[in-house]
Amino acid sequence: NAGVTQTPKFRVLKTGQSMTLLCAQDMNHEYMYWYRQDPGMGLRLIHYSVGEGTTAKGEVPDGYNVSRLKKQNFLLGLESAAPSQTSVYFCASRRNSGGRDTQYFGPGTRLTVL
Amino acid sequence: GIQVEQSPPDLILQEGANSTLRCNFSDSVNNLQWFHQNPWGQLINLFYIPSGTKQNGRLSATTVATERYSLLYISSSQTTDSGVYFCAVLRAAGNKLTFGGGTRVLVKP
């Protein structure tokens, strides 16, 4: 049981390049989330999903797209990276139990946009 | 939306000291979690504690749901306790955790 995994762990992009971050969970959780964390700051929600085939915007969705084609995977895409997207990205998942359950985080992806 | 406030924002401890971190929230919740973000950036689950008291080693937590606050106790602190402690809550009808701003803890040897 690996929990929540993220690929890649580190990435450096040039402005304007695109990339996809992959989050995978093996706990059969319905809910999945993407957050970003800037240095010295808290977590900000980018997008989330309440089940396979669904996505919804969080508080900072601009510049990002997501897809949840399979229940176990949640992809975060940057179509045209900007230096303002330099951050650490965390994925998380949680079981759908009316909110009464633990949310688990992945190890994070450190992204630098030059 | 629900407001979550953590105090104090920063805490410096001498190794071996005890401390209490507080999380206040503005509405009824059915999920409250405490996380520790270690100096390497990992987010570690400490407690799922929407009400009551739990203990795990030197750490314990108490949530008084009717008064809308939770406390995290660190006893006999160690340098490995350094990092940021986050409280996060979820309302009954919500899908997303709301995080507090965190308490940054530094334990000095």
Applying 1/(1 + (r/R0)^6) with R0 = 22 Å to the Cβ-Cβ distance of residue B:10 and residue A:41, what FRET efficiency is obtained, to the nearest 0.05?
-> 0.95
Can you pull the one-decimal nm distance between simple spin-label points at residue A:22 and residue B:66, each 7 Å off the Cα toward Cβ?
-> 5.1 nm
Per residue solvent-accessible surface (Å²) - chain B, probe of 1.4 Å = 47 Å²
Which stretch or stretches of region B:1-42 have amide N atoms under 20 Å from the point lying 7 Å from residue A:60's Cα along the Cα→Cβ direction?
-> B:1-6, B:35-42
Between region A:26-82 and region B:56-109, the Cα center-to-center distance that results, in Å = 24 Å
Rounded to a whole %, the carbon-and-sulfur portion of the accessible area of region A:1-107 at a 1.4 Å probe is 50 percent
Mean projected area (nm²) from the convex hull of Cα positions in region A:1-52 is 4.9 nm²
Could you bin all the Cα-Cα distances of chain B into 5 Å bins starting at 0 and give me the percent of pairs in each, rounded to whole numbers?
-> 2, 13, 25, 25, 19, 9, 4, 1, 0
For region B:43-48, in residue order, the Karplus 3J(HN,Hα) values (coefficients 6.51, -1.76, 1.60; θ = phi - 60°; whole Hz; Gly and Pro = x) are 9, 10, 5, 9, 8, 9
What per residue convex hull volume, in Å³, do the alpha-carbon atoms of region B:64-109 yield?
-> 86 Å³
Nitroxide proxy distance, nm - points 7 Å out along Cα→Cβ at residue B:73 and residue B:92 = 3.0 nm
Per-residue HN-Hα couplings for region A:57-67 [Karplus 6.51, -1.76, 1.60; θ = phi - 60°; Hz; x = Gly/Pro] | 7, x, 8, 9, x, 5, x, 10, 10, 9, 8
Relative to the compact-globule scaling 2.2 N^0.38 Å, provide the ratio for the alpha-carbon radius of gyration of the protein assembly as shown.
-> 1.02
Environment charge at residue B:106 (Cβ cut-off 13 Å; Lys +1, Arg +1, Asp -1, Glu -1) | -1
With r as the distance between the Cβ atoms of residue B:80 and residue A:52 and R0 = 30 Å, compute the FRET efficiency 1/(1 + (r/R0)^6) and round to 0.05.
-> 0.20
May I have the pair-distance distribution P(r) for chain A, computed from all Cα-Cα distances with 5 Å bins from 0 and rounded to whole percent?
-> 2, 13, 24, 26, 19, 10, 4, 1, 0
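The values are calculated or read from the model by the stated rules, or taken from the named source; none is laboratory data. These figures come from a predicted structure and were not determined experimentally. Using ideal geometry, Cβ is built from the backbone for each residue, glycine included, and neighbour counts are taken over all protein chains shown. For accessibility, only protein heavy atoms count, side chains too; no ligands or nucleic acids. Shrake-Rupley method; radii C 1.70, N 1.55, O 1.52, S 1.80 Å.
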